[in-house]
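Taking it in order: structure first as structure tokens, then the write-up.
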Amino acid sequence: MFEIGAKIRFKYTGMLAEIIENHQDGSYTVWLEEEQEDGIAFEDDIVLDRNFKAIEQSEQQKTVKKKKKIKGPSTEDLFYSKAELDHKKRAALQPKNKKSLIVTSNKQDAIDEDTFVPTPIFQQVPSNKGCYLAFHQTSNSSYTIYLVNDTLTSFSFEFKLFLNQQLEHGFNKVIPANTFFAIGELLQAQFNDAPYINFVCPKFEFKKVIKLKYLKFLRTKQAIPLMGLETYGFLLFDKLNPYLKKNHSIKDYTSNHKREQSHLMAPVNRLYRSFDLMDVASFEQELDLHAEKLVNDTSEFTPRELYDLQLQVLEDFMNTAIEFGLKEVFIIHGLGKGKLKQGVDDFLRFHGDVKTYKNEFHEKYGFGATRVLLKK
């Protein structure tokens with residue numbers, strides 16, 4: 001038995017938590033330190049923090065093939081009974097042209113999947129409430145993800161959905177002011193795969209990670225501007241960065257960007273003061289991402305810092321190339337071990353304004369370059 005206030009860890013994940021309630025049945029309500037939310041823990045699955053030595057393998061995990069990724073406890077495992085989970089698994093195996101029944105956790109009558117009627121979308125006049133991610137439920141088992149830009153400004157963004165720490169889907173594009181459109185899909189069953197979203201908006205210097213926990217997700221229902229409905233959603237931001245002022249020339253853009261970027265990068269590059277993304281790109285069709293081209297002394301950075309910096313330079317360069325109407329650019333990444341090349345490939349593969357790209361011979365850099373054709 002564990003006392004209230006005790007610090008514990010989950011044996012099979014190493015996650016740190018604090019006991020906040022004892023249900024006297026072998027289960028506890030705990031506060032998850034990393035997630036900053038409450039959850040359920042069972043006595044057999046936890047150990048006092050001071051006694052924790054290493055993550056253990058459960059009997060079930062030991063039977064999984066070595067190459068198969070091991071999943072930690074899921075929201076469904078914690079909050080649904082074994083009978084309900086077994087029913088869901090059987091329903092998932094039914095042919096898609098047959099009607100399947102979904103049993104809800106509160107023991108309500110079974111719901112016929114085919115009778116689900118999505119809430120209609122009625123486009124509303126702008127109210128300038130901010131930028132949202134909305135999850136419009138289209139069936140009992142799926143949601144369409146919308147980006148809703150209820151602001152007066154257009155901006156580029158990068159959206160990535162991860163399942164079990166692996167990239168499942170990505171989408172890069174520019175969204176106009178007071179507009180919304182679909183950017184992805186989430187299945188009900190994927191709440192079991194530790195889903196999270198990474199959303200980046202370089203124009204506002206904005207980045208947000210959203211971990212999709214099912215019970216917490218159910219509490220996000222709200223009115224979504226522009227779409228004219230109430231559904232699950234997350235407010236990304238509601239105020240514009242004053243940095244976002246329209247520039248009328250490349251000279252103005254470079255000057256403003258240099259001033260802002262020198263402040264933004266200061267915590268990262270420490271002693272190096274002269275770095276500027278637009279000086280690197282030079283507004284030409286070639287961008288050299290070799291680390292020694294970006295900083296004076298690479299020893300001041302960890303490999304991870306350099307890699308993140310290279311991808312940030314790439315994103316800013318691509319946004320500028322699109323803004324100024326370039327039809328073709330070359331990204332110089334070298335051969336090496338291929339990590340940077342793979343990062344460039346992942347970025348371009350999901351970019352909404354990239355028509356096509358190909359790793360091909362360049363007269364200066366051989367096969368260490370990727371040619372990118374942009375949409376008109």
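A short reminder: the numbers here are calculations on the coordinates, not readings from a lab. The model shown is predicted, which means the values in this text are computed figures rather than measured ones. Ideal geometry is used to build each Cβ from the backbone, glycine not excepted, and the neighbour counts take in all protein chains shown.
At a glance:
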item	result
Additional length obtainable on full extension of the chain from Lys129 to Asp44, 0.36 nm per residue less Cα span	25.9 nm
Least to most buried among Arg349, Arg50 (fewest other Cβ within 10 Å first)	Arg50, Arg349
Fewest-first ranking of Ser127, Ser154, Ser142, using other Cβ atoms within 10 Å as the exposure measure	Ser127, Ser154, Ser142
Tyr196/Thr356 FRET efficiency (R0 41 Å; Cβ-Cβ; nearest 0.05)	0.85
Local net charge near Ile46, Cβ-Cβ under 10 Å (Lys/Arg +1, Asp/Glu -1)	-2
Contact order normalised by residue count of region 130-237, Cα under 8 Å, 6+ apart, percent	30 percent
Separation in nanometres of the label points that stand 7 Å from Cα toward Cβ, at Phe324 and Lys208	3.2 nm
Summed side-chain charge close to Asn198 - residues other than Asn198 whose Cβ falls under 14 Å, Lys, Arg +1, Asp, Glu -1	-1
Modelled FRET efficiency - R0 30 Å, Glu168 with Glu363, Cβ distances, 0.05 increments	0.20
Likely footprinting exposure, Ile183, Ile4, fewest C-beta neighbours within 10 Å first	Ile4, Ile183
Using alpha carbons only: equivalent-ellipsoid semi-axes of region 130-237, gyration tensor based, whole Å	21, 17, 11
Cβ-Cβ FRET estimate between Leu16 and Lys216, R0 fixed at 22 Å, reported to 0.05	0.75
Chain lengthening between Ser139 and Thr179 when straightened (0.36 nm per residue, less Cα-Cα)	12.0 nm
